[in-house]
1. For the stretch B:408-424, name all the residues that are within 22 Å of residue A:440 (Cα to Cα), within 8 Å of another protein chain (Cβ to nearest Cβ) and touching a helix residue (DSSP H, G or I) at 6+ places or on another chain (Cβ under 6 Å).
2. Among (1) touching a helix residue (DSSP H, G or I) at 6+ places or on another chain (Cβ under 6 Å); (2) within 23 Å of residue A:56 (Cβ to Cβ); (3) assigned to a loop (DSSP other than H, G, I, E, B), there is one condition residue A:167 misses while meeting the rest; what is its number?
3. If you take the residues in the stretch A:83-113 that are out of contact with any strand residue (DSSP E or B) (no Cβ under 6 Å at 6 or more places or on another chain) and part of a strand (DSSP E or B), which one is nearest to residue A:32 (Cα to Cα)?
4. Name every residue in the stretch B:329-352 that is within 14 Å of residue B:413 (Cβ to Cβ) and either more than 7 Å from chain A (Cβ to nearest Cβ) or not in a loop (DSSP other than H, G, I, E, B) (or both), in order of residue number.
5. Can you report the number of residues in the stretch B:192-206 which are exposed (fewer than 15 other Cβ atoms within 10 Å of the Cβ) and in a helix (DSSP H, G or I)?
6. Scan the stretch B:287-328 for residues that are over 21 Å from residue B:28 (Cβ atoms), part of a loop (DSSP other than H, G, I, E, B), in contact with a strand residue (DSSP E or B) (Cβ under 9 Å, 6 or more places away or on another chain) and more than 10 Å from chain A (Cβ to nearest Cβ) and jot them down.
7. Collect the residues in the stretch B:54-73 that are within 14 Å of residue A:372 (Cβ to Cβ) and part of a loop (DSSP other than H, G, I, E, B), keeping them in residue-number order.
8. With the checklist (1) away from chain A (no Cβ under 14 Å); (2) in contact with a helix residue (DSSP H, G or I) (Cβ under 9 Å, 6 or more places away or on another chain); (3) in contact (Cβ under 8 Å) with a residue 60 or more places away in the chain in hand, flag the one item residue B:4 doesn't pass.
């Protein structure tokens, strides 16, 4: 019984490991186009800034480690075609520059996602990069060593753009973020996004919003400026972080269904519509557990969790009651920009309104330790609830301990808790770890007040 | 309409504030026996160690602040008797040393808890203290200033004893903890407790377990040693932290029902069996949401949450569908001992077995950041699940980010999540904030493995 895994970053390697663990007899091969597998792509901004010094630290497991577990890894091998009827693959050995045929009994597609490059003049110039793979990071670092750029432009103010902007600023470059939308961190509401923008300003990063870059201006084949709004901004290094898209061509050409998000459609067992083909990771669509609609959440932790499910089910060929399920996602995420933690889970206020919820929110600025305990930091919390049921459906958090508070909210949404649960929730308290009532409970009290105002609650009875 | 609140620490002041907020016309008086109200008792160990320098920082709101909101606060006033039929109180003015009568329309009892003192010879000696009130902390500090004790003994290795031991060690005393049980932190299982003991040792605190103190040995009316196991341990300062008990005499004498835990019995609206009398805080029993049994959780955060509910309901006189409910507690708690966070929620393995659960556990040692990110710390996590349903019913966490992980578990237990939820839970990931899969998810995977081994799961099908 032969399992082939296409793609060896987060989902693919996790799936292969898990398949090996539950089925020692399986023959397992991972094909990976890039020269490395098992890379922490989320660590790349920290490699760029030097916070992570050693590239090998970003590699969780090498092909040699997989070989010890009897998992074959072939890097620089690109799968060009899947024939789902005959269960065969056409594979290109990029080193030898030749094709060969392989076959599978079970297949896992984990082809990931790739950076979107803007269709603007000059995008091909030297000094213009995306940051998606380790090879990208190394190319950027080599360019910096050779050319010593003093000014950098980051196109796109999403979390990758913001992390990269921090990295470039930290290594001494004048850095400007150019964002087409009206705010950076535009997955967040305006209060949260404003706090991010303020922090960037404090740290000396320039931000231009509502600006579409028209052109990258070159000289001798190298970028020297970007042009937007009729003006030129000098920049000897440009990083494009305008987004990523799922790599689905291979699956699509083989007949795999693609969902409305543009990613591969799977059932709750992560099985595609093709026989004995599962899919996992950034190339796959999931279910938004708040809206019940398809969603696409290309994040490393989700990819790992999907890999566990797909690997187990593919190893057993399971697809019924015995199979593991991947229920869906909440879009939970956190990023750091300089000293600020920025996190969200579930829907934004805007997103909730678009999804048809009657939205009630509660927001506050709180401290993350007892007020008298040294080192307390400030945190903005906004809870977003469904007005009809009182259920928590989203949260945005900016500041100290954002990572802690967002996980409480994510777990609460998963458990379908509503505001009366949240105000009474039995969280842990001691002065070094929080104020007597967790900021989440404080925010929930404000939310409860909004509900009481709104409904025939105890307050309105007065 | 007159509301009287007996006791003004956490629950009482919260209840009064909340009552004022929802009903501006109410006449409100708080009677408080101690000279201060609204003290953070949880902050006392940090006042003792000097981490908190100013005593006033521990006072959240003064009587003057309450006066601004038209809430009368009478400190050094002890309520001696409640007459529930006539709705009158006998109050002793401790300053004037005289009694007077007062009356109420609605009453909230928040008389708190008091330190248990051991019935052993020498407990009355100078230099022997409990640490429960600000006055205790000040007396200890004065004694230290006057007598410069070099050696301290802390009797009792629960969280208060451990926090105090840290404080005394930090200000330079040789410190020994003497615990009657076989381990310190005995609300925790042996693995967790062992980690606490190791850490104390590293920090130079001596620990003697399985030792009952027989006598405190004095000289000139002052303690100079404690005697246990036939030997004397020199100690010029002794802090007794063997536990606390609810202050229920006043309520009991008035006819309030006392529950099996020894604390005041209330319904889910925090109403006692007496007409128009509510109760909140450390003197009150709650419902353990895991076992469904009465439990007693004397903690500051719970007291605040109860105060909110009792204050609202007393202000409205509500006790039906309109009233706020306090559903119960999980026994969630966290404490710091030197550099170690120690936290739990729900049942311990032992407690779960005693409660009749068939217990399945998953434990691991994890790191709290991406392995390659600087500053990652180590954390022990043990998840405790109900073997029959797969539900999480407890967690113990010792180490870095313990406060973060315990709140995820507490929220999961509240939301009745089981291990398949936990392995797929959509928590937040970025390298500065955690490994790609949260340690909670990793522990849940181990738990899932135990269930798979145990049941007709996918693994057993092999």
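1. Hits for the stretch B:408-424 are B:408, B:411, B:412.
2. (3)
3. A:98
4. The answer is B:329, B:331, B:333, B:343, B:344, B:345, B:346, B:347, B:348, B:351, B:352.
5. Here the count works out to 3.
6. B:290, B:291, B:293, B:296, B:298
7. Passing the criteria: B:54, B:60, B:61.
8. It fails just one condition, (2).
The values are calculated or read from the model by the stated rules, or taken from the named source; none is laboratory data. Small disclaimer: the values here were computed from a predicted structure and weren't measured. Cβ sites come from the backbone with ideal geometry, for glycine too, and all protein chains shown count toward neighbours.
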